[in-house]
Amino acid sequence: CPVVLAPVNSSIAMPPPADIVKVAIEWPGAYPKLMEIDQKKPLSSIIKEVCDGWSLANHDQFALQHADSSNFYITEKNRNEIKNGAILRLTTSPAQNAQQLHERIQSSSMDAKLEALKDLANYSRDVTFAQEFINLDGISLLTQMVESGTERYQKLQKIMKPCFGDMLSFTLTAFVELMDHGIVSWDTFSVAFIKKIASYVNKFASDISILQRSLAILESMVLNSHDLYQKVAQEITIGQLIPHLQGTDQEIQTYTIAVINALFLKAPDDKRQEMANILAQKQLRSIILTHVIRAQRAINNEMAHQLYVLQVLTFNLLEDRMMTKMDPQDQAQRDIIFELRRIAFDAESEPNNSSGSMEKRKSMYTRDYKKLGFINHVNPAMDFTQTPPGMLALDNMLYFAKHHQDAYIRIVLENSSREDKHECPFGRSSIELTKMLCEILKVGELRKLTC
């Protein structure tokens with residue numbers, strides 16, 4: 001049968017132009033307006049058109065924002081993110097909104113102030129609003145409220161403590177959100193403000209929101225300013241942070257480890273080992289194992305990352321010893337090898353015992369160094385000239401010999417009496433094990449942002 005071709009129907013709907021977006025726009029008290037937005041037209045023209053549709057004057061005091069949970073303002077920079085079917089809202093402009101909130105948070109009415117701070121915490125996530133609020137010196141206003149808050153509302157704390165806690169929480173939340181945009185330098189804050197934030201880490205330990213935001217502020221201060229690091233380090237101690245790891249809130253634990261990491265990362269080289277010693281004294285490793293890793297809940301990605309950072313910072317303290325060659329002429333270093341021999345073979349004698357002839361002592365030492373499993377029996381110092389593992393291997397051997405003396409002596413004696421083909425010499429094995437561990441644990445590698 002012949003195929004009959006239908007005539008082309010010119011009325012078939014064509015897809016809308018790429019620059020046209022169909023949206024619904026809300027305005028309080030009115031039915032949503034369905035309209036097409038031409039992305040080639042200036043945003044101000046579109047806003048004027050919307051205002052004219054509702055007979056609203058002063059269109060320059062209005063703006064469009066997403067009607068979802070973000071409430072983010074639409075600007076010339078982000079307007080291309082609008083999708084077909086989006087619901088937008090006509091609202092006051094960022095400048096107007098910032099001005100109104102700047103006035104409302106200074107209200108003498110506690111209820112009005114609380115509502116204003118709650119709104120501010122929400123709006124501050126939007127960089128467009130944040131810029132306008134910061135232009136009104138809003139950051140200074142918030143810091144002044146924090147600095148004077150405790151004294152100013154002492155009576156309020158006793159009468160309406162929950163209200164004060166909420167006010168402080170929203171104030172700190174707004175501050176964190178505003179600072180996260182990177183518009184204002186962290187170097188501008190006073191010692192009084194730092195002291196107040198540090199005090200909240202202890203004073204409001206039971207208020208999760210205040211504690212979380214205080215820890216977040218301290219971490220950012222340390223990471224973003226050398227001067228603030230020094231001031232924060234004077235105000236907060238590891239001992240004050242440790243109890244927050246022993247709670248059950250993983251978010252608080254995460255922020256606590258983040259602050260410890262920040263202090264560790266920014267500490268001068270000569271202070272890092274000192275800080276590591278304090279962490280060891282405070283049983284940090286045991287606390288993390290008990291209350292974080294072995295807790296009855298899964299470890300989230302952010303906690304896993306902070307634990308990774310702590311491991312990297314801790315292991316990298318070993319890099320200097322790992323890359324240090326032994327100096328065969330250094331008597332202090334040679335004495336460590338003498339000590340290994342003394343513990344293994346003669347706990348009663350001194351390493352520099354002068355009894356017997358020089359040749360006899362050299363022969364005895366050479367025999368003992370062979371039993372200890374060194375490659376160079378005459379001068380075992382030469383075994384520690386390869387880096388890695390350098391002097392770190394000798395440090396590990398001495399620690400094991402001193403702190404696990406019975407096991408050390410048993411291993412040395414057992415291996416010295418085995419046949420050569422079955423031997424596992426202590427010296428060579430220790431050096432290789434140290435080198436292998438440095439590779440596995442990536443000692444000396446830079447931390448990565450995503451690990």
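The values are calculated or read from the model by the stated rules, or taken from the named source; none is laboratory data. Keep in mind that this is a model prediction, so the values were computed, not measured. Counting neighbours? That spans all protein chains shown, and the Cβs are built from the backbone with ideal geometry, glycine included. Accessible surface areas use protein heavy atoms only, side chains included; no ligands, DNA or RNA. Shrake-Rupley method; radii C 1.70, N 1.55, O 1.52, S 1.80 Å.
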Check on D207, farther than 21 Å from M275 by Cβ and either touching a Phe, Trp or Tyr at 6+ places or on another chain (Cβ under 7 Å) or touching a residue at least 12 places away in the same chain (Cβ under 8 Å) (or both): yes
Exactly one of these conditions fails for N84: (1) touching a strand residue (DSSP E or B) at 6+ places or on another chain (Cβ under 8 Å); (2) without any contact (Cβ under 8 Å) to a residue 60 or more places away in the chain. Give me its number. (2)
The residue from R410, R428 that alone is basic (K, R), within 21 Å of D346 (Cβ to Cβ) and part of a helix (DSSP H, G or I) is R410
Within segment 100-110, restricting attention to residues that are out of contact with any Cys (no Cβ under 8 Å at 6 or more places or on another chain) and open to solvent by less than 70 Å² (accessible area, probe 1.4 Å), which residue is farthest from N58 (Cα to Cα)? S109
Please go through segment 178-203 and give me each residue that is under 19 Å from L117 (Cα atoms) and not in a helix (DSSP H, G or I), ordered by number. D180, H181
Within 13 Å of Y123 (Cβ to Cβ), out of contact with any Pro (no Cβ under 6 Å at 6 or more places or on another chain), open to solvent by 70 Å² or more (accessible area, probe 1.4 Å) and without any contact (Cβ under 8 Å) to a residue 12 or more places away in the chain: is that true of S69 in this structure? yes
How many residues are open to solvent by less than 70 Å² (accessible area, probe 1.4 Å), touching a helix residue (DSSP H, G or I) at 6+ places or on another chain (Cβ under 8 Å) and closer than 15 Å to I431 by Cβ when one looks only at segment 378-411? 18
Filtering segment 83-117 for residues that are polar (S, T, N, Q) and in a loop (DSSP other than H, G, I, E, B) leaves a count of 6
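For (1) of a type in the set (A, V, I, L, M, F, W, C); (2) open to solvent by 70 Å² or more (accessible area, probe 1.4 Å); (3) at pLDDT below 95, each residue gets a yes or a no:
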site	(1), (2), (3)
I12	yes, yes, yes
P28	no, yes, yes
G53	no, no, yes
A95	yes, no, no
